[in-house]
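See below for the structure under consideration.
The values are calculated or read from the model by the stated rules, or taken from the named source; none is laboratory data. As the structure is a prediction and not an experimental result, all values here were calculated from the model. Neighbour counts run over all protein chains shown; Cβ positions are idealised from the backbone, glycine included. Protein only, heavy atoms only, side chains kept; ligands, DNA and RNA dropped before computing areas. Shrake-Rupley method; radii C 1.70, N 1.55, O 1.52, S 1.80 Å.
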Amino acid sequence: MPTVRVQPDVVVELRAEETVLEGLYRHGYAYRTGCRRGGCGVCKVDLVSGTVRYTRVISQAVLTDEERASGTCLTCRAVPLDDVTIALREEELSRNPLLAFLCGASPSTRPPSQRATGRPTPSIPELPRGDEQR
Amino acid sequence: MSVLRLGYVHARVTDMAEAKRHYGDTMGLYPMLEEQGRVYYKGWDEYDHHSLVLEEGGVGLVKLGYKVADPADIELYEKRAEQFGCLVERMSTGENREVGDGIRIVLPSDHVVELYHEMTLVGTEVGTHNPDVFPRHLVGVGAPRIDHALITAEDPGLADRFFREVLGFYATERVATSLDDDAQIIGSWLSTSNTPHDIAVIGGPNGKLHHFAFQLADWSDIKRAGGLFAMDDVPVDVGPTQHGITRGETIYYFDPSGNRNEVFSGGYLAFPDRPTVTWTVDELAKGIFYIGRELNDRFTSVLT
Ligand code: FES
Ligand SMILES: [Fe+2]
């Protein structure tokens, strides 16, 4: 899996299809972000090396082609294709001490959330049956 | 003569499929029409055809529609808007689906506001004969209606004047640089109905959207909406908490394109003779988030 290096020396390993921001957050790192949905541009950083890809449509108003070409990376949407190095813009990475401790111990796995899809189709898990004879 | 309410918000989304999951499945709005890359929604307690139009491509606000009480009003607002120095254009029936003719005004802040008198009346699921108090099979949050929008302007004082002098709104609350008469207005909350605001403007770049809001019944519905945001992995900006300004209860969150939404409930009953409340800049954080009294970076910097 690709890694993300934040200059100068923080390196985290990503999961498949994970964005730069998700990977860093999961390891307890934080920096200034906004909508986390590719709409505001607050999470931009400089892509120093490596390549990223955008699996979702990004508005030109948020990230222009010129910015992409000149190494601006919209971290909440950018999925690295190989090992990448980024540099934050006028900001330092902070780390949540609890997460830092826990990340050292065991990676968390969260099942994908079950999204609602339209009108409810109730499905009730079968309850253990009591004694049928009673 | 009056403007009745915010009738519709027309916004851009980067990905329509994701937007439909958010506004349809999570927010529980009724999809009314899908046509030419646009999807039209309404809340369960709204009688007119739609209150939200989504358009694929980009982010942010296309325009806001306000419904007027009388068809004759439109000409008067047209005159006043022109006198105010705005660009005004007539719009004809059908330019907006299910919306009658009216005018389109470009505000000094570059936002586009449309005034109309007619939109196709479709009614609600509970109807108007011995109605039940809510529809039985609401989806997700099940938002009953759209409530207001907050936009940013380089000159919020001018926007405040526009809404009052041209459209007859009244300011319920303002944020000002001081309590002196010559203080600068840096935020204004204005009503044209009995809700604390039908529009709000704060200082910022022209033409931008801070958020648009759905009205919920009460605090426990706000909390329930928060639960649904957790289930559906909706990024929350701030809340649940209470505003000092309007006294409303709130959660701010983002749609899948990064447009900020709000669920809003409560707030006082407002009347045009209500004296305008003034907040000073040093108490702004308390005005916006009364309980936490802190404005995060994101809240002030994220606009679409
Ligand atoms: S946080 Fe808004 S675009 Fe990334
Ligand atoms: Fe609001």
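Annotations for the structure displayed:
- B:D25 vs. criteria touching a Gly at 6+ places or on another chain (Cβ under 6 Å) and within 14 Å of chain A (Cβ to nearest Cβ): yes
- From B:A72, B:A149, B:A81, residue being within 16 Å of ligand 2 (Cβ to nearest atom) and either more than 14 Å from chain A (Cβ to nearest Cβ) or in contact (Cβ under 8 Å) with a residue 24 or more places away in the chain (or both): B:A149
- Residues being out of contact with any His (no Cβ under 9 Å at 6 or more places or on another chain) and part of a loop (DSSP other than H, G, I, E, B) - total across the range B:88-144: 32
- Within the span defined as the range B:212-226, one or more residues are within 19 Å of the chain's Cα centre (by Cα), modelled with pLDDT of 95 or more and within 16 Å of B:H111 (Cα to Cα).
- Any hit, the range A:91-99, residues being over 16 Å from the mean Cα position of the chain (by Cα) and near ligand 1 (Cβ under 10 Å from one of its atoms): no
- Inside the range B:5-19, residues that are surrounded by fewer than 22 Cβ atoms within 10 Å (Cβ to Cβ), within 14 Å of chain A (Cβ to nearest Cβ) and farther than 14 Å from A:V57 by Cβ make up a count of 0.
- Entirely in the range B:239-304, the strands (runs of 3 or more DSSP E) that have 1 or more residues that are in contact with a Pro (Cβ under 8 Å, 6 or more places away or on another chain): B:248-254
- Selection within the range B:239-281 - farther than 18 Å from B:D147 by Cα and either hydrophobic (A, V, I, L, M, F, W, C) or within 14 Å of chain A (Cβ to nearest Cβ) (or both): B:P256, B:S257, B:G258, B:V277, B:W279, B:V281
- So B:P235, is it crowded, with 16+ Cβ neighbours inside 10 Å and more than 16 Å from ligand 2 (Cβ to nearest atom): yes
- Of the residues in the range B:204-225, at least one is more than 16 Å from ligand 1 (Cβ to nearest atom), open to solvent by less than 10 Å² (accessible area, probe 1.4 Å) and within 14 Å of chain A (Cβ to nearest Cβ).
- Residue in the range B:102-114 that is in contact with a Ser or Thr (Cβ under 6 Å, 6 or more places away or on another chain) and either closer than 27 Å to B:L138 by Cβ or touching a residue at least 24 places away in the same chain (Cβ under 8 Å) (or both) present: no
- Residue count, the range B:282-304 (criterion: within 14 Å of another protein chain (Cβ to nearest Cβ) and over 21 Å from the mean Cα position of the chain (by Cα)): 2
- Residues in the range B:79-102 that are more than 14 Å from B:F162 (Cβ to Cβ) and in contact with a strand residue (DSSP E or B) (Cβ under 8 Å, 6 or more places away or on another chain): B:E89, B:R90, B:M91, B:T93, B:N96, B:R97, B:E98, B:V99, B:G100, B:D101, B:G102.
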